[in-house]
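Undergrad: My structure is below; once you've seen it, I'll send some questions.
The values are calculated or read from the model by the stated rules, or taken from the named source; none is laboratory data. Just so it is clear, the model here is predicted, and its values are computed rather than measured. When we count neighbours, we look across all protein chains shown, and the Cβ atoms used for this are built from the backbone with ideal geometry, even at glycine. For accessibility, only protein heavy atoms count, side chains too; no ligands or nucleic acids. Shrake-Rupley method; radii C 1.70, N 1.55, O 1.52, S 1.80 Å.
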Amino acid sequence: QEVLPVAVETNANVLQLAVFSFFVPTVMDYVTPDTMKHKKKTLEVMSLLLAVMMLAIYGMYLFFQLFTHIDAFNPDEDEEAGPSEASPLTGREDEMSIATVSSEDVEPVATLPVAIAIMVVDVIFVSLCCENLVDTIEEFSQQVGLDDKFISIILLPIIGNAVEHLSAIIVAMKNKMDLSVGIAAGSSVQIAVFAAPFMVVLSWLYGPVHLTMALTALEALCLWMSVGLVNMTLRDAKTNWFEGAVLLMAYFIVAVAFYLTKG
């Protein structure tokens, strides 16, 4: 199965930059002696600057995909008038071009204001659910005997993104790897380049406690190796079942590491 090269390169570059932005304050925290004056303040200011940079990159990332290079991310739209080609996997005509042509006849199920209203209601509902979920993590960890960090890093993403993961698997089974990789990598980009930096900026606007982008040594190592492995897997813009097995095994390794280092 093949993936659109521009999608692979874009997500790989952004994720690698995100690793860099987390590694810099992490290394600063470890190499700077605790006796250094204003160490905490320096780390907080550095994290704030990095957070602003990451938010700017995220804006460019969206602008790049949705405006300046939208044709590169939707190459099938330029091939509507061209002849159909047989798929090397199925021997049938290219289903993507046929779907593109037929999609013009599909009427929208809702107007733009209605769609925006539904999205706003969904965001509010999900926010309330997430708040209740986070509030119960500490109590749940005590009841089941698991560390709250293991629950937050390993279990919570699986449960919270179950629908997203299922969607990526379904579209991958339909040989739409561009969309599948976009769902998986796009979610990681959103967390690393938008959500985490945004929380750092918010911590400066509300309350005296300022968040930083510094990680523990294990967290930084797992982040670095995970992004590197994903980039190596997609470097040729092709996928197969063995590469998927390797990525799953890497996830299990991270899970075991955080489970054994609880507390």
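Undergrad: Taking 0.36 nm per residue of sequence separation and subtracting the Cα-Cα distance, how much length would be gained by fully extending the chain between V126 and L260, in nm to one decimal?
TA: 45.1 nm
Undergrad: Taking the convex hull of the Cα atoms, report for the stretch 173-221 its projected area averaged over all directions, in nm².
TA: For the Cα atoms of the stretch 173-221, the hull's average projected area reads 5.0 nm².
Undergrad: With the other protein chains left in place, how much accessible area per residue, in square angstrom, belongs to the stretch 1-66 at a 1.4 angstrom probe?
TA: With all protein chains present, the stretch 1-66 gives 58 Å² per residue.
Undergrad: Let me ask something else. For the residue pair Y206 and L218, what label-to-label distance in nm results when each label sits 7 Å from Cα along the Cα-to-beta-carbon direction?
TA: For Y206 paired with L218, the spin-label model returns 3.0 nm.
Undergrad: Simple spin-label model, 7 Å along Cα-to-Cβ: E138 to S187 in nm?
TA: 2.8 nm
Undergrad: Something else now. Within 10 Å of each candidate Cβ there may be at most 12 other Cβ atoms; applying that plus a DSSP loop requirement, which trypsin sites (Lys or Arg not before Pro) in the stretch 1-68 survive?
TA: In loop regions of the stretch 1-68 (DSSP not H, G, I, E or B), the sparsely surrounded trypsin sites (Lys or Arg not before Pro) are K37.
Undergrad: Radius of gyration and Dmax for the stretch 212-263's Cα atoms, expressed in Å?
TA: So, for the stretch 212-263, Rg and Dmax equal 13.0, 40 Å respectively.
Undergrad: Step through the table entries K149/K238; K37/K149; K39/K149, compare each Cα-Cα distance with 28 Å, and write down the pairs that go over it.
TA: In this structure, K149/K238; K37/K149 exceed 28 Å between Cα atoms.
Undergrad: Can you work out the FRET efficiency for the pair I70 and E164, with r the C-beta to C-beta distance and R0 = 25 Å, to the nearest 0.05?
TA: Step by step, r from the Cβ atoms, then E = 0.65.
Undergrad: Please tell me the relative contact order of the stretch 116-263 in percent, rounded to the nearest whole number, where contacts are Cα pairs under 8 Å and at least six residues apart.
TA: Relative contact order comes out at 24 percent.
Undergrad: Compute the Rg/Rh shape ratio of the stretch 133-247: radius of gyration over Kirkwood radius, all on alpha-carbon atoms.
TA: 1.01
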